[in-house]
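First up is the structure itself, then whatever we jot down about it.
The values are calculated or read from the model by the stated rules, or taken from the named source; none is laboratory data. Note that the structure is predicted; figures quoted are calculated from it, not measured. Using ideal geometry, Cβ is built from the backbone for each residue, glycine included, and neighbour counts are taken over all protein chains shown. All accessible areas refer to the heavy atoms of the entire protein, side chains included, with ligands and DNA or RNA removed. Shrake-Rupley method; radii C 1.70, N 1.55, O 1.52, S 1.80 Å.
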Amino acid sequence: MALEHFMKTLWDRAWTAFQEALRPTLLQGRAALRHFWAQRTSRERVVLGVLGILLLAMLWIEGVYAPAQRHIAALQQQLRQMHSEQAQIQLLAAEWKALRSQHHAAPVPASQALEPVLRQALQSVGQERQGLSTEGNGQFVLDWKAAPFSTLADWLDQVRRSARVVVLQAHVEPTVRTGEVNARLVLKAGVAP
């Protein structure tokens, strides 16, 4: 509190000193301006007045009006862009709703029926040589050897969507060739997300 009072007092004194130091200069400038104006003829005063008004108008146009117009134009451009994005979002939302209403979940295959589905999915991506074995508890083990990782990812996505298969365990290692992997996956029929 005392510091605030001290700072306010210091500021008031500095401002007063500045005004008192500037006052003679302002008075001299005002007197010089009056003397200059008094020496002008009425025609010169009219010309100077018109020029002063034009100067003020130009300053207002360049300092206030033009920047405001540029800002308004930029905001209108942003608004058009936002309307376009809103229309795209609404279109995507409508498409999503339509797809969601059409989507019927595939039935979860029984573990006996799942093996042919998995083998057919392997054939569809050209990987029928990969080892697929059945475990007694309804689980399947896929030994993926030296095959492209992208193919593995595509295959997993395909069986997850079509056969509602879930991955219980996965162990993936890169091979010496770029993009190829060895993988061991434990799969089971389940509920796809």
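Some observations on this one:
- Residues that are more than 23 Å from residue 176 (Cα to Cα), open to solvent by less than 20 Å² (accessible area, probe 1.4 Å) and not in a loop (DSSP other than H, G, I, E, B) within region 133-162 comprise 140, 141, 159, listed in sequence order.
- Unique residue being surrounded by 10 or more Cβ atoms within 10 Å (Cβ to Cβ) and not in a helix (DSSP H, G or I) when the list is 40, 13: 40
- Condition met for residue 2 (open to solvent by less than 70 Å² (accessible area, probe 1.4 Å), at pLDDT below 90 and of a type in the set (A, V, I, L, M, F, W, C)): no
- For region 175-187, the set of residues classified as surrounded by fewer than 17 Cβ atoms within 10 Å (Cβ to Cβ) and under 16 Å from residue 115 (Cβ atoms) consists of 186 only.
- Long-range neighbours under 8 Å by Cβ, at least six apart or interchain, first residue closer than 15 Å to residue 49 by Cβ within region 27-39, second of a type outside the set (Gly, Ala, Ser) and assigned to a helix (DSSP H, G or I): 37/45
- Here 191, 172 are screened, and the one residue that is surrounded by 11 or more Cβ atoms within 10 Å (Cβ to Cβ) and either β-branched (Val, Ile, Thr) or modelled with pLDDT of 85 or more (or both) is 172.
- Residue within region 17-37 that is surrounded by 10 or more Cβ atoms within 10 Å (Cβ to Cβ) and of a type in the set (Val, Ile, Thr) present: no
- Filtered residues of region 47-58 (kept if open to solvent by less than 90 Å² (accessible area, probe 1.4 Å) and either touching a residue at least 12 places away in the same chain (Cβ under 8 Å) or β-branched (Val, Ile, Thr) (or both)): 47, 50
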